[in-house]
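The values are calculated or read from the model by the stated rules, or taken from the named source; none is laboratory data. Every value quoted in this text rests on a predicted model; they were computed, and no experiment measured them. Please note: Cβ atoms are built from the backbone with ideal geometry, for glycine as well, and neighbour counts cover all protein chains shown. The accessibility values were calculated without ligands, DNA or RNA, using every heavy atom of the protein model including side chains. Shrake-Rupley method; radii C 1.70, N 1.55, O 1.52, S 1.80 Å.
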Amino acid sequence: RQMCIRDRTGLSIRNFRNLAEQELDLPAEGVAIVGENAQGKTNLLEAVYYLETFRSFRGSRDHRLVAFGEDFFRLAGTLEGKSPEDGVRVAAAFQTRGKRKKVTVNDEEPERLGDALGCLAAVVFSPADVGLVSEGPGARRRFLDIVLSLNVRGYLGALQQFRQVLSQRNAALKDARGLGTVEVWDQGLIEGGSRVVEERALWVEKWNESFSAYYKGISGVRIGRMEYQPGFALNGASSRADIAEAFRSALLDAREREARLGSTVVGPQRDDLLLTVAEGEEGRDLREYGSGGQRRTAALALRLTEAATVRDARNQEPVILMDDVFAELDSGRSERILALMEEEETGQVILTVPKESDIRLRRDSIPRWRIREGALEW
Ligand code: ATP
Ligand code: MG
């Protein structure tokens, strides 16, 4: 199968944050959006990415995305590929009253919102990504969950099953009268949970080398690694059945502690993704010891790995949304990121910069648009 490479992306915006009502035709070769602070650069990338996941990548609730004084927003994106069958049209609307969200793909409403996830194929690089490295394990689990939900069929369903059973099981553990019923939830917990663990472990195993190559590609010298740290002892288990067995025995061993603490203490809700950089023979945890630049490098390498996952899983070139990524990186690192992106023959790149002089991507070939008070000019 041929890689589906988009020709251009159309975007229609209404009442989204401070963005003016407009129809944009984003060029296939990408575009640099130049604008001063608070003009709407991040809002524009947020709008594009909303059509990929139907939520804000900044973690804002939907009603916050509605322009001040309005009561709904609407976004529509059209991808036009090299051939007509590559095209897709995704639209999303949200109404403040009743908190109604409506999503359509090619003008049809999918049965579940989950079915519409990932149609657009986009990856967002944001300055906040450094939190993927410096924050607690929850940030990295969220990263894994988003990447896997968008790229592995069945993952989202397993994750939802696991989370739902987990909260019921925790409720039973908290309530002395519920203690006798805890076991009722074990089967569902193990079913959903072992699928989640299996897919997370497979992803890390499959992409660890790429992550290292990206890390080295950007830093120029050091070797970065990622390692899956499961929330219970796998004891070498790798098949789903063996993972389920290991989970079951970890739950048995933890029973007393769970009753005492009133919550489920083993399982993928305790997973982490350890990110390290080589220091001689040893790997040092970047969360504890990494410099600002090293953490940023690891975060970029994670996003590049995410883009590679999309390319591999969906046979589609993702739109790369880069929000002011060169800030805080030394010029060597910035140059090498650009060289990497060119090597990878990344498709459409939409990047934002506060100053024209910050544009280094594809040198001068990339068109420049300006943004002022939410309106784009070119
Ligand atoms: P910076 O360079 O500082 O990152 P930016 O161009 O990325 O700036 P944005 O984050 O896109 O700026 O925000 C631009 C403006 O959008 C802010 O002034 C903010 O107050 C405004 N804004 C945020 N939410 C809404 C909303 N719901 N309705 C209207 N305006 C909003
Ligand atoms: Mg911004």
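When only Cα pairs under 8 Å and 6 or more residues apart are kept, what is the percent relative contact order across the chain?
25
What percentage of the solvent-accessible surface of segment 241-286, computed with a 1.4 Å probe over protein heavy atoms, is contributed by carbon and sulfur atoms?
44
Could you give the distance between the Cα centres of segment 272-329 and segment 138-181, to the whole Å?
Value for the Cα centre distance between the two parts: 26 Å.
Using a 1.4 angstrom probe on the protein heavy atoms only, line up 104, 297 by accessible area, largest first.
104, 297
Quick check for you: with a 1.4 Å probe and neighbouring chains kept, what is the accessible area per residue of segment 233-378, in Å²?
It amounts to 47 Å² per residue over segment 233-378.
When 1/r is averaged over all different Cα pairs and the result inverted, which Kirkwood radius in Å belongs to segment 237-305?
15.1
For segment 289-378, what number results from the quotient of the Cα radius of gyration and 2.2 N^0.38 Å?
It is 1.16.
Provide the three semi-axes, in whole Å and in decreasing order, of the ellipsoid equivalent to segment 157-207 as defined by the square roots of 5 times the Cα gyration tensor eigenvalues.
Working through the eigenvalues yields semi-axes of 27, 8, 8 Å.
For the chain, modelled as a Gaussian network with Cα springs under 10 Å, which listed residue fluctuates most, 77, 292, 30?
292
With runs of 4+ DSSP H residues as the only contributors, calculate the mean residue ellipticity of the chain at 222 nm using -39,500 (n - 2.57) per run, divided by the residue total and rounded to the nearest 500.
Calculated from helices alone, the mean residue ellipticity at 222 nm is -13500 deg cm²/dmol.
Using alpha-carbon pairs under 8 Å, 6+ residues apart, how would you state the relative contact order of segment 136-267 in percent?
25
Bin width 10 Å, origin at 0, all Cα-Cα pairs of segment 169-296: what percent of pairs per bin?
12, 34, 25, 19, 9, 1
Which order do the peptides 212-222, 128-138 come out in when sorted by mean C-beta neighbours inside 10 angstrom, highest first?
Most protected by this proxy first, the peptides run 212-222, 128-138.
What is the helix-to-structure angle for 331-343, meaning the angle in degrees between its Cα long axis and the longest Cα principal axis of the chain, kept from 0 to 90 and rounded to the nearest 10?
90
Computed from the mean reciprocal separation of all distinct C-alpha pairs, what Kirkwood hydrodynamic radius does segment 38-106 have, in Å?
Roughly 13.0 Å, rounded to one decimal.
How large is the translational diffusion coefficient of the chain in µm² per second when you combine the Kirkwood radius over alpha carbon pairs with Stokes-Einstein at 37 °C and 0.692 mPa s?
Estimated diffusion coefficient is 148 µm²/s.
Within the accessible area of segment 67-129, what % is carbon and sulfur when the probe is 1.4 Å and the other protein chains stay in place?
Exposed carbon and sulfur together represent 46 percent of the surface.
With a 1.4 Å probe and every protein chain kept in, tell me what percent of the accessible surface of segment 135-214 is carbon plus sulfur.
Solvent-exposed carbon and sulfur of segment 135-214 make up 52 percent of the total.
Quick check: the angle from helix 155-174's long axis to the longest principal axis of the chain, C-alpha only, nearest 10 degrees?
50
For segment 118-191, what does the accessible surface come to per residue with a 1.4 Å probe? Please give it in Å².
With the other protein chains kept in place, segment 118-191 gives 44 Å² per residue.
What's the ranking of 34-47, 165-178 by average number of surrounding C-beta atoms within 10 Å, highest first?
34-47, 165-178
Going through segment 6-79, which chymotrypsin sites (Phe, Trp or Tyr not before Pro) have at most 13 other Cβ atoms within 10 Å and a DSSP loop state?
Of the chymotrypsin sites (Phe, Trp or Tyr not before Pro), the ones in loops of segment 6-79 whose Cβ has at most 13 other Cβ atoms within 10 Å are 68.
What lysines sit close enough to residue 41 to cross-link, taking a C-alpha to C-alpha distance under 22 Å and skipping anything fewer than 8 places away on the same chain?
Reachable lysines: 355.
In Å, what Rg and Dmax follow from the Cα atoms of segment 17-175?
In Å, with Rg to one decimal and Dmax whole: 17.7, 59.
What is the Cα coordinate range of segment 106-202 on the first, second and third principal axes, sorted by size from largest, in whole angstrom?
Cα spread of segment 106-202 along its principal axes, largest to smallest: 47, 40, 24 Å.
Once the Cα atoms of helix 137-151 and of the chain are each reduced to a long axis, what angle between those two axes, in degrees from 0 to 90 to the nearest 10, is obtained?
With rounding to tens, the tilt is 70 degrees.
Can you tell me the relative contact order of segment 28-175? Whole percent, Cα pairs under 8 Å, sequence separation 6 or more.
Worked out over segment 28-175, it gives 15 percent.
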